[in-house]
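The values are calculated or read from the model by the stated rules, or taken from the named source; none is laboratory data. In this text the structure is predicted, and so the values were computed from the model without any measurement. Cβ coordinates were reconstructed from backbone atoms using ideal geometry, including for glycine residues, and neighbour counts include every protein chain displayed. Only protein heavy atoms, including side chains, enter the accessible area calculation; ligands, DNA and RNA are left aside. Shrake-Rupley method; radii C 1.70, N 1.55, O 1.52, S 1.80 Å.
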Amino acid sequence: MKAAKDYIVFSLDVPSLKEAKQYIVLLSEYVGMFKVGLELFISSGPEIIKIIKTSGKTKIFLDLKLHDIPATVSRAMASIADLGVDFATVHCGENKEMLEAAVAGSVGKVGVVGVTVLTSVSGKDINAAGFRSEFSSDISRLVMNRAKMAKDAGCAGIVCSGLEVKMIKENFGKGFVALTPGIRPFWEGMNKDDQRRITTPAQAIENGSDYLIIGRPIRDAKNPKEAAIHIAEEIKAVI
Ligand code: C5P
């Protein structure tokens, strides 16, 4: 059975291997997965994946948010597949071909996850980007369109906010994995930072999220280990 800590994906949003290692040692027993994003992968490369694997305790999520022509995305995903990570992201973007290329490149070795609409984006941003008002007035419609593209392309799941996850699960089934960033625990004082579509850990889990992607509320806490334990307790109370 999935333990409460297994729902927590800690974002290793740090600039160097040295700092990443400190968090890996500190948090390996208290989270279920480590996420490596652009900042750390650009500075440290595949070495960081080897280090997490050596710790042997958690899953790995490589969040590089690919977005390019299908041929390039397919080849990039093929390289990612060789790294041996559990999940990797690609933007859902404008058409299904890029997502299909990502899935083809993964050759079944890594779960391809489509990023629907970033949780830092608001309806106002969608309007300014030129989308029709039906999408800017209700971002979940755009999330649903993009989730459908990801599902049809054969992706393992999507990244969306905890506000949209219920709708995703109702429409695409429990097996379609939903990872949700924009998590802000109440006890953190709900500092939104640059996030816009936020939920608490309990809200996201109650809505059906499979994994909570959490960075700053743990990384910047006075005691990151205690923060992870506290979040796991909140999750335990609702699973
Ligand atoms: O610090 P915070 O908890 O806001 O971190 C969220 C993490 O999730 C960051 O690493 C960010 O890149 C990632 N993320 C996101 N929105 C998405 C996909 C990933 O915030 N749609």
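Observations on the model:
- With R₀ set to 30 Å, the beta-carbon distance separating Met1 from Arg216 gives a calculated FRET efficiency near 0.55.
- At R0 = 45 Å, FRET efficiency that the Cβ-Cβ distance of Arg75 and Glu233 yields, to 0.05: 0.55
- Residues in region 17-27 carry Karplus couplings, in order, of 4, 4, 5, 4, 4, 4, 5, 5, 5, 5, 10 Hz; the curve used is 6.51 cos²θ - 1.76 cosθ + 1.60 with θ = phi - 60°, and Gly or Pro positions show x.
- Note on the chain: with neighbouring protein chains present and a 1.4 Å probe, carbon and sulfur make up 51 percent of its accessible heavy-atom surface.
- Phi-based couplings in Hz for region 148-164 (Karplus 6.51, -1.76, 1.60; Gly and Pro marked x): 5, 4, 5, 5, 5, 7, x, 5, 6, x, 9, 10, 8, 7, x, 6, 9
- Taking Cβ atoms as reference points and 14 Å as the exclusive limit, the residues near Leu118 contribute a net charge of +1, counting Lys and Arg as +1 and Asp and Glu as -1.
- Taken per residue, the accessible surface of region 4-236 reaches 44 Å², heavy atoms only and a 1.4 Å probe.
- The charge dipole of region 61-118, taken about the Cα centre with unit charges on the Cβ atoms of Lys, Arg (+1) and Asp, Glu (-1), comes to about 60 debye, rounded to the nearest 20.
- Net dipole in debye of region 4-236 [+1 Lys, Arg Cβ; -1 Asp, Glu Cβ; about Cα centre; nearest 20]: 200 debye
- Cα gyration tensor shape of region 1-85, rounded if a/c is under 1.5, else prolate or oblate by comparing a/b with b/c: prolate
- Where GluC sites (Glu not before Pro) in DSSP loops with at most 14 other Cβ within 10 Å are excluded, longest remaining stretch of the chain: 95-239
- Note that region 4-236 shows a convex hull volume over its alpha carbon atoms of 116 Å³ per residue.
- A Förster radius of 25 Å combined with the Cβ-Cβ distance from Asp86 to Lys192 puts the calculated FRET efficiency at roughly 0.30.
- Lysine pair count for region 81-239 [Cα-Cα under 16 Å; pairs on different chains or 8 or more apart]: 9
- Phi-based couplings in Hz for region 195-204 (Karplus 6.51, -1.76, 1.60; Gly and Pro marked x): 7, 10, 9, 9, 9, 7, x, 4, 4, 5
- Computed extension length for Ser120-His67: 17.3 nm, one decimal, from 0.36 nm per residue of separation with the Cα-Cα distance subtracted.
- Region 53-203, relative contact order in percent, only Cα pairs under 8 angstrom and at least six apart counted: 19 percent
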